[in-house]
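Okay, so here's the structure we're looking at.
The values are calculated or read from the model by the stated rules, or taken from the named source; none is laboratory data. All values reported here derive from a predicted model rather than from experimental measurement. All Cβ positions, glycine included, derive from the backbone under ideal geometry; neighbour counts span all protein chains shown.
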């Protein structure tokens, strides 16, 4: 087995946990959009309400990694930014293979099928954007690999209720100077 294939299981697990957390948190909140900055994780993003931070250790074949999840709700839609630093586990790996493994794992773990996909960048950093659906949810996602850190930005919404602010949220994600914890 190729080492990057072991990592894709880690990415699948991270994405699966994120989606489970999003679905569990679906509910109503009043939208009051503003940018929130997280220098320790090196990003800022606009949310309709202050996101809740959750930290979890994710065991993988490549070791245990901390996933930091930022979750907010807007009606029945959930907005998520996940941050996971894989350190040396991704050194020397093909970034596109890592991103595709993360996307494939996300689709598999949510029983979703891709509707569209495209390569993107955030500055000099590679990424993948995709839309997907399963039997009850629609997902709009962007995944970036910034050095050894994987950033997952996504919205999840019921199929019958498209989320009109998905692009606003996804476009608001920016890298900022990272500070030590």
Could you grab me the full set of residues in region 59-101 that are assigned to a strand (DSSP E or B), touching a helix residue (DSSP H, G or I) at 6+ places or on another chain (Cβ under 7 Å) and surrounded by fewer than 17 Cβ atoms within 10 Å (Cβ to Cβ)?
63
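Hey, can you tell me all the residues within region 126-145 that are closer than 14 Å to residue 156 by Cβ and buried (at least 17 other Cβ atoms within 10 Å of the Cβ)?
Looking only at region 126-145, we keep the residues that are closer than 14 Å to residue 156 by Cβ, and these are 130-142.
130, 132, 137, 138, 139, 140, 141, 142, listed by residue number.
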Just wondering, is there one or more residues in region 93-114 that are without any contact (Cβ under 8 Å) to a residue 24 or more places away in the chain and at negative phi?
yes
Can you find even one residue in region 145-158 that is over 22 Å from residue 67 (Cα atoms) and part of a loop (DSSP other than H, G, I, E, B)?
no
Would you check if there is a residue in region 41-57 being in a strand (DSSP E or B), touching a helix residue (DSSP H, G or I) at 6+ places or on another chain (Cβ under 7 Å) and at pLDDT below 95?
yes
Taking the condition of being at pLDDT below 95 and surrounded by 13 or more Cβ atoms within 10 Å (Cβ to Cβ), how many residues in region 107-123 meet it?
4
